[in-house]
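What follows is a short report on a single structure.
The values are calculated or read from the model by the stated rules, or taken from the named source; none is laboratory data. If you're wondering where the values come from, they're calculated on a predicted model, not measured in any experiment. Ideal geometry is used to build each Cβ from the backbone, glycine not excepted, and the neighbour counts take in all protein chains shown.
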Amino acid sequence: MKRSSISWCDFSGGDLNWLTGCQKVSEGCRFCYAEAIYKRFGRDFSILTYDSRKLGRALRAPYPQDGNVRGPHSKPLCFVCDTSDFFIEGPCAFIQKYAIEWLGQRSDVDWAILTKRPENIPGNIVWPDNVWLGVTAENQEMAEKRIPLLLATGARVKFVCVEPMLGPVDLVPWLGELDWVICGGESGPKRRKFDLQWPYDLWQECRSAGIPFFYKQGSAFRPGQYDMLWGEKIKEWPR
């Protein structure tokens, strides 16, 4: 499997992207990195594709049990469908419930699902302990819209990805029920304003609540740059 360039997980891309294509749903999507990659290769990002062969290979693949980002003796953390949305509407939706069940059978791996469409999550899912669920909350509006829907699920590990962070975001109303917060600025040539006070304040909220906080990146041309927040590397995961 392909080692990930995304610093908070071990594996992404390749066969883990058995679902590809998406449509924009909120302000965080404006300069979508996946859409830019598709355009570079002359592909239409709005077309959804589902490849059952990739899903099968991802479920059967060997994942090394050492050298993982969370430290010694931790499970590999795999981010699935990072160039689409696991809960996107359309002809691929039938696979959602079954794919989660199948992921749960690989108890030697932790799987991370991140969505901007929590309203599409079926209510009849039994969430395996090793399938983590997160929502993107790029601004306060999306936090207030998406986090309550996340918290209504039975996922054991619930997380919020405040990336790209487009303004101050207050998570205090929900921190008692969250397990993890990821935060980062926007990257690329069209990146928007990113005030370092915003992630700092969010980090302080998480510290006060005892919630692991992962600072992924600052505002830079390339993803992953400036990954220290006011001189500190803050890379924490759920325990």
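Report, by residue number, each residue of segment 28-48 that is surrounded by 15 or more Cβ atoms within 10 Å (Cβ to Cβ) and either touching a residue at least 24 places away in the same chain (Cβ under 8 Å) or more than 15 Å from the chain's Cα centre (by Cα) (or both).
Residues satisfying the conditions are GLY28, CYS29, PHE31, ALA34, GLU35, TYR38, PHE45, LEU48.
Counting only residues that are among the charged types (D, E, K, R), surrounded by fewer than 18 Cβ atoms within 10 Å (Cβ to Cβ) and in a loop (DSSP other than H, G, I, E, B), how many does segment 49-84 have?
Number of matching residues: 3.
Quick check: is even one residue across segment 204-224 of a type in the set (Lys, Arg), closer than 20 Å to GLY28 by Cα and surrounded by 17 or more Cβ atoms within 10 Å (Cβ to Cβ)?
Within segment 204-224, one or more residues are of a type in the set (Lys, Arg), closer than 20 Å to GLY28 by Cα and surrounded by 17 or more Cβ atoms within 10 Å (Cβ to Cβ).
Can you find, within segment 101-143, the residue that is nearest to the chain's Cα centre (by Cα) among those that are surrounded by fewer than 20 Cβ atoms within 10 Å (Cβ to Cβ) and under 16 Å from GLU27 (Cβ atoms)?
Taking the candidates together, the pick is ARG117.
Out of the residues in segment 172-199 that are surrounded by 15 or more Cβ atoms within 10 Å (Cβ to Cβ) and out of contact with any Asp or Glu (no Cβ under 9 Å at 6 or more places or on another chain), state the one that is nearest to TRP132 (Cα to Cα).
ASP179
So SER4 fits all but one of (1) of a type in the set (Gly, Ala, Ser); (2) at pLDDT below 95; (3) in contact with a Phe, Trp or Tyr (Cβ under 7 Å, 6 or more places away or on another chain); what number is the exception?
Only one criterion in (1) of a type in the set (Gly, Ala, Ser); (2) at pLDDT below 95; (3) in contact with a Phe, Trp or Tyr (Cβ under 7 Å, 6 or more places away or on another chain) is unmet by SER4, namely (2).
Name every residue in segment 167-215 that is in a loop (DSSP other than H, G, I, E, B), over 16 Å from ILE147 (Cβ atoms) and either touching a helix residue (DSSP H, G or I) at 6+ places or on another chain (Cβ under 6 Å) or of a type in the set (A, V, I, L, M, F, W, C) (or both), in order of residue number.
PHE194, LEU196
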